[in-house]
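Heads up, the thing below is written out as structure tokens.
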Amino acid sequence: MQRGQRAIFRAMEATHNNARARLAVDIGGTFTDLALDWRGRLFTTKVLTTVKAPEAAVIDGIRQILQLAAIEPVDLGVVVHGTTLATNALIERKGARTAFLTTAGFRDVLETGYEKRFEQYDVFMDKPPPLVPRHWRLPVPERITADGAILEPLDENAVAQLAAELQAQQIEAAAVGFINSYANPTHERRVRELLRDALPDLWVTTSAEVSPEIREYDRFSTACANAYIQPLMAGYLNRLSQRLGDEGIACPLFLMMSGGGLTTLQTAMQLPIRLVESGPAGGAILASDLARQAGLDEVLSFDMGGTTAKICLIADGTPERGRVFEVARMYRDLKGSGLPVRIPVIEMVEIGAGGGSVARVDGMKRISVGPDSAGADPGPACYGRGGQRPTVTDANLVLGRLDPARFAGGKVKLDPLAAEAALTRDVGTPLNLSAPWAAAGVSEIVEENMANAARVHAIERGKVIGRHTMIAFGGGAPAHAARVADKLGIGSVLVPTGAGVGSAIGFLRAPVFYQVVRSRHGVLADLPLDEINAMLHAMSEEATALVRAGASDAALTESRQVDMRYVGQGHELVVELPRRALQASDLPDLRGAFEALYRNSYGVTIPAQAVEVLTWSLTVAAPTATPDTVDETSFEETPAQPVGTRPLFDAQRGNAVDVPLYQRDVLPPGARIAGPAVIAEDETTTLVPEGWTARIDGRRYIAMDKGGSD
Amino acid sequence: MAQTDMLEHIQMQVMWNRLIAVVEEQAQVLLRTAFGSVAREAGDLSAGIYDPQGRMLAQAVTGTPGHVNTMAAAIDHFIERFPLDTMREGDVYTTNDPWMGTGHLFDFVVVTPVFRTGELVALVASTCHLVDVGGIGFSADGRSVYEEGICIPHCKLFDAGVLNETLLEVIETNVREPIEVRGDLLALVSCNNAGCARLIDMMDEFDLPSIAPLAEFILDNSRRAMIEAIGRVPAGTYRGTMQLDGYEAPVDLQLSMTVSADGIHLDYTGSSTASPFGINSPKCYSDAYSIFGLKCIVAPEVPNNAGSLAPLTVAAPKDTIVNPQRPAPVTARHVIGQMLPDLVFGCLHQAIDGGVQAESAGSIWVLAMSGAKPGGGRFNTMSVSVGGVGARPTKDGLSSTAFPSGVGAIPVEVTEAGTPLVFRRRELLTDSGGAGRYRGGLSQIVEIESRADQPFTISAATFDRIQNPARGREVGAPGVAGRFGLIDGETFQTKSLHTIPPGDRLFVELPGGGGFGDPQARNRDAVRDDVRAGYVSPDAARDIYGLEGTDES
């Protein structure tokens, strides 16, 4: 693994002087997006995902993009890869025959979960079935207590017998999860050794290795999810690596993780669960990088695709990070309807609001949009592929925001009459609204839903949302960005180039880093500092070894954090720790930092109450590329030249109004556009509403400001 | 429709969505700042927004059914005590009176009037279960509400922006955990503040002088949707009965449900008189769970507000166990209250085509345990255990899942980290789900011992369905009855406090859910799958389900 990390560093370093090309590949459900950076020029393309053998589309796309850039495979310096394969295997339940070995008496933890219903009023709701059926959840006599003491030793004979059963049942992967293993993982490790000796071909995951944190259900669930996708992911990654070699691509391949960092092929095969949601993570990394380039302190990234919208908060160029994620939700917007995984993730809120989200009228005569999506097939009604239900894309078409002939670069011809008919039938008629009004209602509601999700997300984190700058990307966002910003009191929006393949571009900007997490519970005022410092030291060594190895001269950055709360509370706040051993004199400062965060979030503090600490995390990162600076003064502001007009429905006037239409790829830096206007490009459309002004900046990004016209 | 009307119609919908987001945000803030596992793990809290007439316009989805109607009703009592024309900007009101709030002393309701440019435009309210209210603590053993803790009548917590320190001191002096209690009260205040600020933002954004038109829009549409939903239930009067273990004596509940074009009326006439112990369910709480049961089946998608709730009414004679009068003890009101949806389902089953789910374990079992710690000192812990949910007319019941409560489990590792207790088993119980064409949800068995060389105790006050298991429907079998005691020792019979000697192990078997339909008609593959998984024993598969040719034991 050390050799691999050294390779990452060298490859990323090489890219700093643009000696060789960097390629990013993002496999999504419908499209595989590619982005290539060659001597400062960006090339992008999309190919259809080949679900049965995803590497086929990857290779096909690579051939196309190399041709586009007119370079050879040997010119590639690094390939960065992200994929929804891991997520899809969990959603579609297409993983391995997996067994779960657990403390005797606890084999149903996976099934009973949190023991609550996530939908209060739905008496027909079902809970997500566990990844491992009960007959493969195998009890092992052993017991460790909360302080790590061995109450009952591991029964090694029982493990040997289970190994025979695993073989008989043709089990491909096994997860091992014991109660309190976060405090003492020796029994889990011993079982792994015994299984490996008996069954060398079996993949084995231990719960303390994937997530050494208290709370048995979350930890066991994470371990099982990892085991479940491991044979599949390892097989795919091996095949991909082979095919790349066959193409003459000898440069290193790195994988994008859900936490926003890169890792080697080998780590990815060991901990494939860390690859879920890498696409959205790439989008957040892109927005973070843009925030750093533009010197923006507080950014809200708004990524709207075909099925969902993702919102992430970025402070000082760093996306907010978390450690819990829910994968494969049975009901898209309902917390608790999926499987919890505890891994480093970029904290974001994802709601069922995308271009394909379906609109309808409910029993209260309210327009509702999503969370279900028409997807790519049959797709929105206007695709003319048999979709009958009206979607957000249909609404945008009827409102005049989309050019029916140029959607997705002309690859999909849109049918405005089909969109109108669907909107009229499902929304207009029940509410006695004409088609454009129904469309305006759908658009307004989906924008309201996204704004509400963003607002609650920000408030839960003690942030004032109106101070943020929005960065909008993904095919759907630029059409809705200004209106969502309006609702949030945000006055400035940035739409980068290549917005339609934002995640892949983000992969090119991801840092190499590694995060280590440990649970160590105690009251802040009497922490055993020697013990804590020893633990932090070990964590630092582990993470540094993974990132540094060979990068002797690079100044790695390390950050340390701890989760704190008032004794008795159930939710923690994350407090930064100094990057050195803790001293007794730090403790009052830590309390102070916690209380400041608490006050910021909730307005009050509780001075007399003790504060406790729970989980410690430590991250080591290699340096990220320094932002390119663009000399903005060299671009003279000029009014932009429209290429025509577009009839845009105006809800204030109640009819369509011709507004200027601009073509993005011919707008020079410095070009200025006053709303209302539409800026079209192949992969998306930006709407500049009345009262907003757009300007093309030095990087050819669209910078929209509210009221900035004169 | 004229152009301006169309615009207004769309704006109304947007504002309605916004109001729901406002109360949800209020509840989320509360969830993160509340102390005590009941509020935070169980989400035993709620938030709502009201027009100046006191009509509830929106209620957070986060929260438990116990607050559905109680929150809607509580506001009227406040307005009666503090008329609108006496309310001033910066005022905050509170009470924990069980009959004026949400049914027991543990829940404090906090109300804040919202002022915009000096004018009262709305009210926001929130409630949550506090860590402690003094008295005998969380127990059904009180013989009157006076023993159960401190009761605060309607009071000003803030008066024109000034905190009522006297009131806080009185409360703090009367509870065991004064710091947490103060924290919870202030958390309620600040979550209301968040709601106020957001509402004013919305009125500014849409330039609304008043929310009255919005209120009419919400209430009219909701009421109409509810009436339409009720119209799909055949009119008539349906009757149901249910027997429960009760505390000192069995409890009989009787319900008649009358469905008409105007609404659904529930009447508990004939039910047992109030208990001398604290399992009585004040009317507001009985209403909440009764209406929750109705809404689940009749109109699950209609949001809770004064419009949708108005057509659903409940009557209960005074001094019955579902309408006890002061000073009856009420702390463990959920023991009776959380059983009411099953009784309502029993009536609806007669009315609804296809039927309604079988009975469930119902009220949650609160495992309140305490004892000595090995190194000195004592521990007190409250863990929650749940049984099986009744089978649905087209599906098996959910295993080991709270219903109707929204409570969730506390992880074993979390309980063990704070106590000397060791859970040796927490596992689904074979054959505990009532047999049927669709099987009832399985319950679980929990086994607990202590590492301390000292006994520990467990209070059994909330353990019901030991004598009266959850019944099946359409010849479906009942779920298994609850049971608890010492492994290799006695099975406990009474609801009192029991002692587990050092070295002994406590077992608790929760009640299972009832089955639906004839077990012989169950899909044979489903029976075989159940045997393979161990949900059903081979004997039961043969004897009850009539499965032939399997001998997997």
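Structure notes:
- Backbone N atoms of segment B:292-336 closer than 19 Å to the 7 Å Cα→Cβ label point of B:GLN243 belong to residues B:321-322, B:336.
- Projecting the Cα atoms of B:THR166, B:SER144, B:CYS155 onto the charge dipole of segment B:110-189, computed from C-beta unit charges around the Cα centre, puts B:CYS155 farthest toward the positive end.
- Projecting label points 7 angstrom from Cα along Cα→Cβ for A:ARG189 and B:GLN467 puts them 5.6 nm apart.
- Remark: spin-label model distance B:VAL475-B:GLU169 equals 7.2 nm, labels positioned 7 Å along the Cα→Cβ axis.
- Based on Cα contacts under 8 Å between residues 6+ apart, chain A shows a relative contact order of 12 percent.
- FRET efficiency for the pair B:ASP529 and A:ALA408, taken as 1/(1 + (r/R0)^6) with r the Cβ-Cβ distance and R0 = 56 Å, rounds to 0.80.
- Among B:CYS347, B:VAL29, B:ILE364 the positive-end extreme of the charge dipole of chain B (Cβ point charges): B:CYS347
- Sorted ascending by nearby beta carbons within 10 Å, beginning with the fewest, A:ASP394, B:ASP207 become B:ASP207, A:ASP394.
- Residues of segment B:259-287 with amide N under 20 Å of a point placed 7 Å along Cα→Cβ from B:GLU147: B:273-282
- Difference of contour (0.36 nm per residue) and Cα-Cα distance, A:ASP705 to A:ARG243: 161.6 nm
- Across A:LYS463/B:LYS295; A:LYS487/B:LYS295; A:LYS310/A:LYS335, pairs whose alpha-carbon gap is larger than 26 Å: A:LYS463/B:LYS295; A:LYS487/B:LYS295
- Here the calculated FRET efficiency for A:MET535 and B:ASP453, from their Cβ-Cβ distance with R0 = 25 Å, stands at 0.20, rounded to the nearest 0.05.
- Most tightly packed first, judged by the mean number of other beta-carbon atoms within 10 Å of their residues, the peptides A:74-84, B:501-511, B:335-345, B:380-390 read B:335-345, B:380-390, A:74-84, B:501-511.
- Given +1 at the Cβ of Lys and Arg, -1 at the Cβ of Asp and Glu and no other charges, the dipole of segment A:383-443 around its Cα centre is 220 debye to the nearest 20.
- Span-rule helices in chain B, defined as complete DSSP H runs reaching 30 Å or more along the axis (Cα) with Kyte mean at least 0.0: B:3-33, B:178-205
- A cut-off under 11 angstrom between Cβ atoms defines the neighbours of B:PRO52, and their net charge, with Lys, Arg +1 and Asp, Glu -1, is -2.
- The charge dipole of segment A:513-621, taken about its Cα centre with unit charges on the Cβ of Lys, Arg, Asp and Glu (plus for the first two, minus for the last two), comes to roughly 180 debye.
- Counting Cβ atoms of other protein chains within 10 Å of each residue's Cβ and taking the mean over peptide A:699-707 gives 0.
- Cβ-Cβ distance of A:ASN157 and A:GLN64, R₀ of 41 Å, FRET efficiency by 1/(1 + (r/R0)^6): the value works out to about 0.10.
- Peptides A:97-105, B:173-181, A:475-483 ranked from most to least packed give A:475-483, A:97-105, B:173-181, packing being the mean of other C-beta atoms within 10 angstrom over each peptide's residues.
- Residue-by-residue Karplus 3J(HN,Hα) for segment B:88-97, coefficients 6.51, -1.76, 1.60, Hz, glycine and proline x: 10, 4, x, 6, 9, 10, 8, 7, 10, 4
- Amide H within-cut-off set for A:ASP372, under 5 Å, with H built and near neighbours excluded: A:VAL358
- Peptides A:66-73, A:249-256 ranked from most to least packed give A:249-256, A:66-73, packing being the mean of other C-beta atoms within 10 angstrom over each peptide's residues.
- For the peptide B:13-23, the mean number of other protein chain Cβ atoms found within 10 angstrom of a residue's Cβ is 5.
- Local net charge near A:VAL79, Cβ-Cβ under 13 Å (Lys/Arg +1, Asp/Glu -1): -2
- Projecting the Cα positions of A:GLY691, A:GLN652, A:VAL666 onto the charge dipole of segment A:648-710 (unit charges on Cβ atoms of Lys, Arg, Asp and Glu, taken about the Cα centre) puts A:GLY691 furthest along the positive direction.
- Think of each Lys and Arg Cβ as +1 and each Asp and Glu Cβ as -1; about the Cα centre, that makes the dipole of the protein assembly as shown roughly 1720 debye.
- Per-residue average of Cβ from other chains inside 10 Å of B:410-423: 6
- Environment charge at B:ALA140 (Cβ cut-off 14 Å; Lys +1, Arg +1, Asp -1, Glu -1): -3
- With neighbours defined as other Cβ atoms within 10 Å of a residue's Cβ, the residues A:TYR182, A:TYR228 order from fewest to most as A:TYR182, A:TYR228.
- Footprinting exposure proxy ranking of B:GLU228, B:GLU359, A:GLU119, A:GLU111, fewest other C-beta atoms within 10 angstrom first, gives B:GLU228, A:GLU119, A:GLU111, B:GLU359.
- Short-range pairs are left out: with C-alpha atoms under 8 Å and at least six residues apart, the relative contact order of chain B is 12 percent.
No value in this document is a laboratory result; all are computed from the given coordinates. This is a predicted model, so every value here is computed, not measured. A quick note on method: Cβ atoms are made from the backbone with ideal geometry, for glycine too, and the neighbour counts reach across all protein chains shown.
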